[in-house]
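Here the structure comes first, spelled out in structure tokens, and everything after it is commentary.
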Amino acid sequence: MTADPGTEGGASAWRRISAALRARPGRGQVVAGLLCGALAFAVVAQAHTTARGSGVSAARTQDLLTILSDLQGRADRLRSQVSDLQLTQARLSGGGANTQAALAEARSRAQTLGILTGTVAARGPGVVLTISDPRHAVHADVLVDAIEELRDAGAEALQLSGVRVVASTALVDADGGVSIDGHQVNAPYRLVAIGDARTLSSALGIPGGVVDSVQALSGAQATVVASPSVSVTALRPLSTPRYARPAASPSPR
């Protein structure tokens with residue numbers, strides 16, 4: 001009687017499996033198993049950490065409401081600017097009959113440009129950010145972040161420790177303080193911003209923002225005070241362009 005090869009092969013396979021299960025694992029196999037387990041644990045832990053701390057998903061409800069309010073404020077300001085420009089266009093589109101309106105508009109524009117370029121003093125609602133730094137832990141990059149945050153929130157005029165801040169202002173670290181366009185200032189730093197006080201305060205106090213960054217530095221403190229009226233009195237001289245000249249008006253066709 002001939003044995004069934006398939007049956008013998010199956011029995012042989014089961015015997016090998018049984019022997020492998022009963023055999024004591026080698027040192028290399030134990031080490032490989034431990035490394036695989038540690039790798040799997042690390043992957044799972046990293047996935048959980050990323051899921052908890054990614055983006056705004058880690059923010060509290062109140063923080064999200066603050067961010068939403070700030071974005072809505074910016075949208076409202078942009079819509080208001082669009083409406084003002086449309087009204088200006090309507091007033092000036094009448095030609096010679098609206099000469100006085102055009103002249104008043106030009107004067108208003110000159111005042112606005114004077115505020116933006118720092119040649120005219122300004123007053124209005126806003127905030128005052130005061131940063132104390134007894135250990136000289138606050139550097140120029142922190143103040144630049146504060147200025148940029150206020151600009152993004154709609155600040156129309158800025159003054160840092162008695163120096164007018166405009167689009168071309170440069171801040172660099174100096175011995176014991178910060179140099180603003182060649183003028184050295186020391187702590188405590190006082191940053192005055194004119195704009196919507198509520199929006200500016202929210203922008204500075206947003207989680208992970210300017211105030212939190214300053215508070216994380218050794219010994220530094222930041223306070224924000226909103227006011228219905230703050231003054232930006234520092235002025236900048238209007239420089240004459242060295243190379244730029246007005247372009248000739250195109251001849252009418």
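Sort the following peptides by mean Cβ neighbour count (other Cβ atoms within 10 Å, averaged over residues), highest first: 233-243, 133-143. The partial results should precede the final answer.
Values: 233-243: 9.5, 133-143: 17.2.
Those peptides, ordered most packed to least, come out 133-143, 233-243.
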Sort 177-188, 151-162 by the packing proxy (mean of other Cβ within 10 Å over each peptide's residues), most packed first.
151-162, 177-188
For ARG135 and SER12, what is the calculated FRET efficiency with R₀ set at 51 Å and r taken between the beta-carbons, to the nearest 0.05?
0.05
Calculated FRET efficiency for the pair GLN62/ASP175, C-beta based, R₀ 45 Å, to 0.05
0.65
In order through region 111-123: 3J(HN,Hα) via Karplus (6.51 cos²θ - 1.76 cosθ + 1.60), integer Hz, x for Gly, Pro
5, 5, 5, x, 5, 5, 8, x, 8, 10, 5, 9, 9
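What is the sum of charges, Lys and Arg at +1 and Asp and Glu at -1, for the other residues whose Cβ falls under 13 Å from the Cβ of GLY126? Present the calculation step by step, with values, prior to reporting the outcome.
Details: positive: ARG123, ARG151, ARG190, ARG198; negative: GLU156, ASP196.
Neighbour charge sum, excluding GLY126 itself: +2.
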Could you give the dipole magnitude of region 119-253 about its Cα centre, charging the beta-carbon of Lys and Arg +1 and that of Asp and Glu -1, in debye to the nearest 20?
700 debye
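When the gyration tensor of region 90-223 is built from Cα positions, what are the square roots of 5 times its three eigenvalues, in whole Å, from largest to smallest?
Working: eigenvalues 255, 54, 21 Å².
Semi-axes, largest first: 36, 16, 10 Å.
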Ranking request for peptides 204-213, 104-113: highest mean number of other beta-carbon atoms within 10 Å first, then the rest in descending order.
204-213, 104-113
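Once R0 is set to 45 Å, what does the formula 1/(1 + (r/R0)^6) return for the Cβ-Cβ distance between ALA247 and SER227, expressed as a FRET efficiency to the nearest 0.05?
Values: r = 43 Å, r/R0 = 0.96.
For ALA247 and SER227, the calculated efficiency is 0.55.
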Residues with amide H under 5 Å of GLY126's amide H, sequence separation 5 or more or different chain, H placed in the peptide plane at 1.01 Å from N; which?
GLY195, ALA197, SER227, SER229, VAL230
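Could you calculate the contour length gain from ALA167 to GLN111, that is, 0.36 nm times the residue separation minus the distance between their Cα atoms, to one decimal place in nm? Please report the intermediate quantities before stating the final value.
Details: separation 56, 0.36 × 56 = 20.16 nm, distance 1.67 nm.
Contour length minus Cα-Cα distance gives 18.5 nm.
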ALA157 long-range amide H proximity, modeled H, under 5 Å
ILE194
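All of the numbers you see were taken from the coordinates with simple rules; none came from a lab. Please read all numbers here as calculations on a predicted model, not as lab measurements. Every residue, glycine as well, gets a Cβ built from its backbone with ideal geometry; the counts of neighbours run over all protein chains shown.
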